[in-house]
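Please read the structure below before turning to the comments.
The values are calculated or read from the model by the stated rules, or taken from the named source; none is laboratory data. The shown structure was predicted, so the numbers you read here are calculated from the model rather than taken from an experiment. We place every Cβ from the backbone using ideal geometry, glycine too, and count neighbours over all the protein chains shown.
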Amino acid sequence: MLSLRRVTVVVVAAIIVAGLCSMAFAESPVTEVVSKASTVPWWVWPLSLFVLTFVLGVVAVLGGVGGGVLFVPIVGGFFPFHLDFVRGAGLLVALAGALAAGPGLLKKGMANLRLALPVGLIASACAIVGAMIGLALPTNIVQTALGITILGIVGIIIKAKKSEYPDVKVADPLSTALRINGIYHEVSTGEDINWKVHKTPLGLGLFIIIGVMAGMFGLGAGWANVPVLNILMGAPLKVAVSTSKFLLSITDTSAAWIYINNGAVLPMMVVPSIIGVMLGSMVGVKILAKTKPAAVRYIVIIMLFFAGSRALLKGLGIWN
Amino acid sequence: MENKEKKEVATEEQLRYAGLLSIGMKIGMAMLLISFAIYAIGILPPFVPVEDLPSLWSMPVHDYLHKTGIHQGWSWLYMLNKGDFLNFVGIAFLGGVTVLCFFAIIPILIRKKDYVYALIAALEVTVLVLAASGLLKTGGH
């Protein structure tokens, strides 16, 4: 089974590399002309995207964020693509990563459908509005606001003392009525963890903002999902991270369709990125089940701090 | 033993959703691979020549659409004989998987008399179909 997966990964990677090399050689006379302007052969960029997104796919699952939250600032900052296409690709990257990780997380009970459905409905509806706003607003304004938001969330996570297994004494009436609770098996300790949530109305309200921001920034929404599900509502960190990852498949679907239908999707950018992040996410899910919650928390903090700093500095024109 | 654990931690609708999502993801992935291979190998000629991409992918999307003459929405359906637009079949399929998953769990939720969640799932299908419809367009910046 393991060897089959390895073979699949190798075959898919070979197809991407061979395909891009094939195009590069087939178009070499014209590419040479283009290269004079860009100094780098055009096929280097999609090939680099494939490698980068594979790594992001692994890291994103561990951090409970969409690949998009890292993809957009990194690709937007160091690749020659316009931010409109980067945001469209970022959403599809986050979506693909969530689709790849979702089945495993749901089957293991680490992601919870009853928790995800109500918040997913609100977030996905609002993501449509956010995507439409994001495609209409000046990019620097969106990026500055995003950087401030993510760095604020990093501060909240660092200050929180009980985020791995939050102490929820009493479930609130709404979560009780909706039966939002569950049990998951913590592999690292061998324990079955019973969990419930509180402050559900406030959590649902915050997902209005999260949905709008997810669509507006084109970054997925894991960076905001995890703190709200974990710190505010009290879901254990692994449940919050896993449900967040699955939730991205709902939120980002609606936002991604707005970008697709508005033309902000380039197959040469999107397909190598999607395949890279999907393969990386499959590897990430395997690692997640054996990782201690504290380690996941540190990864979340580091990734959010980097992504937030990058977005803020670029929005302010300091690091372009 | 392992199956017993799975039954305890995941509901019937959650497992159904996960199963469909797994199949849909794999089909979508296969579509992407095949269509990209067709694009990359050059079996179907692209609408936008690859040698033109570096001068186009740095443009804002509205300039790109104007320059290439590509229309918004589902117009790509009429351009599936072009290698680059063939990739939109896989992309659209991945965008539709979640809709199918929600649609599939509604009967289970109704059978379990979980009407609130059946309604939530139905509303989610409506939201995603609206987003995919192409009716919502922006003016651009």
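Highlighted here are the helices (runs of 4 or more DSSP H) found entirely within the stretch B:1-69 that include at least 3 residues which are at the interface with chain A (Cβ under 7 Å from one of its Cβ atoms), at pLDDT 90 or above and closer than 21 Å to A:Met278 by Cβ: B:12-41.
May I ask you to list the residues in the stretch A:109-118 that are at the interface with another protein chain (Cβ under 7 Å from one of its Cβ atoms) and either in contact with a His (Cβ under 9 Å, 6 or more places away or on another chain) or buried (at least 24 other Cβ atoms within 10 Å of the Cβ) (or both)? A:Gly109, A:Leu113, A:Leu117, listed by residue number.
The residues in the stretch A:169-216 that are assigned to a loop (DSSP other than H, G, I, E, B) and of a type in the set (Gly, Ala, Ser) can be counted, and the count is 3. Exactly one residue among A:Ala221, A:Ala214, A:Ala256 is modelled with pLDDT under 90, under 25 Å from B:His62 (Cβ atoms) and among the aliphatic types (A, V, I, L, M), and that residue is A:Ala214.
Okay, residues lined up against (1) among the hydrophobic types (A, V, I, L, M, F, W, C); (2) more than 7 Å from chain B (Cβ to nearest Cβ):
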{"position": "A:Leu91", "(1), (2)": "yes, yes"}
{"position": "A:Gly120", "(1), (2)": "no, no"}
{"position": "A:Ala123", "(1), (2)": "yes, yes"}
{"position": "A:Gly152", "(1), (2)": "no, yes"}
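Looking only at residues in the stretch B:113-141 that are within 8 Å of another protein chain (Cβ to nearest Cβ) and among the charged types (D, E, K, R), the one that is farthest from A:Val271 (Cα to Cα) is B:Glu124. Applying the condition of being modelled with pLDDT of 90 or more and not in a helix (DSSP H, G or I) to the stretch B:72-103 and asking which residue is farthest from the other protein chains (Cβ to nearest Cβ) yields B:Asn81.
Confirm whether A:Leu229 is under 12 Å from the mean Cα position of the chain (by Cα), touching a residue at least 40 places away in the same chain (Cβ under 8 Å) and part of a helix (DSSP H, G or I).
no
Do the conditions hold for B:Ile110, that is, is it farther than 24 Å from A:Met268 by Cβ, over 15 Å from the mean Cα position of the chain (by Cα), surrounded by 15 or more Cβ atoms within 10 Å (Cβ to Cβ) and at pLDDT 90 or above? So B:Ile110 fits the description; yes.
The numbered conditions (1) at pLDDT 75 or above; (2) within 29 Å of A:Ile260 (Cα to Cα); (3) away from chain B (no Cβ under 14 Å) are all true for A:Ile133 except (3). Of all residues assigned to the stretch A:102-114, none qualifies as being under 20 Å from A:Gly308 (Cα atoms), touching a residue at least 60 places away in the same chain (Cβ under 8 Å) and among the polar types (S, T, N, Q).
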